[in-house]
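A.B. asks: The structure follows.
The values are calculated or read from the model by the stated rules, or taken from the named source; none is laboratory data. These numbers come from a predicted model, not from an experiment. Using ideal geometry, Cβ is built from the backbone for each residue, glycine included, and neighbour counts are taken over all protein chains shown.
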Amino acid sequence: MLSVRPRVTELAFVLYGRPLHPELFEIRATRHIARGDYQARLDITNTGHIITWNYEGLTWTEVATAAHHPLPTKRRLMFHNIKGELRDEVIGRGGVRYEWEAQLEHVSPEVFWVFQHELNREAPQQGLFFRFDPSGRMPLGAMSFLYFETRAKSLLVQAFHTFPDDCAVVKSKTVIRLP
């Protein structure tokens, strides 16, 4: 099990057409969602996040983690190393649609610390949030925030992961829509 946050350049996004065992990750915060005909579980991990979504026997699991994190390859539907801006889409059984986009932003230290302080102040009241301990040389540790909106036929999750050592922010947006 990976126990430290990876460098931002090592981050990857993976989508599976199945659930993954939670013991593969060090989970820091969790939220369960049930809306309409679907259920979801959102997890913040040391390396990023996990979104596990279930609907009528269909399970999709999105993982943001280190590319070298030992994960299975069985029923892997998508794999992207994070760099720049990325988009992908998967259409599943019955027309269920998974839409994903991510962006890696390297910013100046001043901009990074303003974003970090705003996130620290606002995010805990608006979604699933975890603040990591500082690495020693930085006054504020990395942060992960999952903002989500549920509708009867869709789930939106916006994720923000900060990387103080790199002055970088990874933003992702996942939308899962029922037909």
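A.B. asks: Could we say that Gln116 is farther than 20 Å from Arg7 by Cα and out of contact with any Gly (no Cβ under 8 Å at 6 or more places or on another chain) here?
C.D. replies: Spelling it out, it is not the case that Gln116 is farther than 20 Å from Arg7 by Cα and out of contact with any Gly (no Cβ under 8 Å at 6 or more places or on another chain).
A.B. asks: Any residue in segment 60-89 that is at negative phi and without any contact (Cβ under 8 Å) to a residue 24 or more places away in the chain sitting within a Cβ distance under 7 Å of a residue that is part of a strand (DSSP E or B) and among the polar types (S, T, N, Q)? List the pairs, counting only those 6 or more apart or interchain.
C.D. replies: If the second residue must be part of a strand (DSSP E or B) and among the polar types (S, T, N, Q), the pairs left are Glu85/Gln103.
A.B. asks: How many residues, within segment 30-53, are of a type in the set (Lys, Arg) and touching a residue at least 60 places away in the same chain (Cβ under 8 Å)?
C.D. replies: Of the residues in segment 30-53, 2 are of a type in the set (Lys, Arg) and touching a residue at least 60 places away in the same chain (Cβ under 8 Å).
A.B. asks: Filter segment 151-169 down to the residues that are in contact (Cβ under 8 Å) with a residue 60 or more places away in the chain and in a strand (DSSP E or B) and list them by number.
C.D. replies: Arg151, Leu155, Val157, Ala159, His161, Phe163, Ala168, Val169 - these are the residues of segment 151-169 that are in contact (Cβ under 8 Å) with a residue 60 or more places away in the chain and in a strand (DSSP E or B).
A.B. asks: Here is a follow-up. Collect the residues in segment 133-150 that are surrounded by 13 or more Cβ atoms within 10 Å (Cβ to Cβ) and at pLDDT 90 or above, keeping them in residue-number order.
C.D. replies: The answer is Ala142, Met143, Ser144, Phe145, Leu146, Tyr147, Phe148, Thr150.
A.B. asks: Hydrophobic (A, V, I, L, M, F, W, C) and touching a residue at least 60 places away in the same chain (Cβ under 8 Å), is that true of Val111? Walk me through how you get there before you give the answer.
C.D. replies: On the way: hydrophobic (A, V, I, L, M, F, W, C): yes; touching a residue at least 60 places away in the same chain (Cβ under 8 Å): no.
So Val111 fails the test.
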